[in-house]
Structures are given as C-alpha cells and as structure tokens.
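Encoded as structure tokens, the structure appears first; notes follow it.
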C-alpha cells in the first residue's frame, strides 16, 4: 500500500488532523515514559529563578494491566452480562429436577429483577405435564403469591384451558423471567437472555408434548422469531435443545392480558386452543 492510499484510509476513518509531528502508539507507552513526561512538565512549571523540585524516582515495576485489544468495543457491562449468562448456563445444566432448578435460581444473583421482586415465580404444574405454557413475566399478584398466572390473566387462562377439557392442574406453566419487572414493564433483552438457560432447562426436564409461547416476548425468546404475535400464532414450530431427546411441537398464542384488553381477538385464541387440543390428541 503506497503512502497516498494510507493517507486516504486515515481520512476516510476520520483522522483528518495532526496533533504532533510524529505518530504516537499510546498502547506501547511505558510507565517509565509517562513518569519522565511528568518530570518534564514539573520542570517547566518551576517558578523563574527558583530551583526545580527533584524528579520523582521511577517505580521499579509497574502494576500489571489487563490485556487490551486495539479497536475492541466491549464494555464492562457487556463483559459482566456474558459472565452472568455463563454462570446461569452452568447452574442450569447441573439441575436434574425442578427442585434442583429452583435451588439454583434462588442462589443466582445475575438478574437485577431479583433485587426488586418480592418472590421468585418459577413454575406451577406437574413435572410430567404433556402441555407446557411459557409466558412473559410475573405480574403483581404473581409476585405476591410466587405462582405464575394467578391474577386476572390467570383466571382467563384457566377458563381457556377448561374450554378444551384440560384442567390447569395438568399443565406446566412458567415465564421467560422469574421475577416481576418494576411497574410490570416488559423485561429487557439482558434480563430475558440471562434467564434463558433456566427456562430451557425447565423445558428439558418436563419435556412436554406441546410447548405454547404465551405472548410475543416468549415466542421471540424461545422460538427465535421476530414477527408480531398475530403473524406467529396459528402455526407450528419445532423447539429443540442439545439435551432434548426429540424436538417438541411448539406454537404461540395471544397472552390472556392482551385478550382482556382486546376481546375481539378471543375468536382467534379459540382457534389456537382447538389446534393445540388436536395436536395433543395426535400424540
């Protein structure tokens, strides 16, 4: 590469101003050079006619600094997030039962929601359930009782299950995150991702015949889809993890809270329920 091309590349990258006669590699500046520079500044700052203060003695060894990759954009928050995700994955993998998983989540401090919630809301239902529902996050009533879907949304969900002849007691119900977000806000991506190893492990332990993502956030988290719930519902997907012996039939449906606000969508929800009933009958 000739000098003109190098100069053009620097200009394209935004380096269009010189601040010194020679380039300086700041990553290679030694601690001794920094001390020497400080000494020169001190000499120039000495009052006229007075004697300059003695130059400080350079340290015999400089503290070991963490390795830095030039051009890296990784922030401290991102590094901490990756560490918490790794910790969650390891804790989840060691759980062999739902009780083990509950113990692991109770000991896990990598999700900030835990600090503001009243109770852990893990799951409700039998470990051998054929049908499993995963929602978004606990609400106020769920946070008080420590059980998912017990508020107004839970009352409607129970009625929906009864309408197709499936008692709630036969269904495993959980959420994408296990602590109530303040003000019932939607969980952040970081909060959802750090809890994902635990919900994935719960699905592996239960291994239902049918998995239903209740609401768009749950479908985005577990199915990896990005479309709105109106486009996701009414279709069958495949849910698979390395530890599942066979893939699980999965689908998505409107969240009961949305149906309470938009009753006209209950017709679509009824079709989804019938579709789930038929799939369970075929298994």
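Read-outs: derived from the displayed coordinates by stated rules, not from any lab. A quick note: this is a predicted structure, and the numbers were derived from the prediction, not measured. Reconstructed Cβ throughout: ideal geometry from the backbone, glycine too, with neighbour counts over all protein chains shown.
Note on residue 277 and residue 230: the model spin-label points, each 7 Å out from Cα along the C-beta direction, lie 2.6 nm apart.
Paramagnetic label reach from residue 83 (point 7 Å along Cα→Cβ; backbone nitrogen cut-off under 17 Å): within region 95-122, residues 108-112.
Simple spin-label estimate for residue 103 and residue 155 gives 3.8 nm between the two label positions (7 Å along the Cα-to-Cβ direction from each Cα). Extension gain for the segment residue 189 to residue 243, taken as residue separation times 0.36 nm less the Cα-Cα distance, is 17.0 nm to one decimal.
Put the Cα centre of region 196-234 next to the Cα centre of region 123-186 and the gap is 14 Å.
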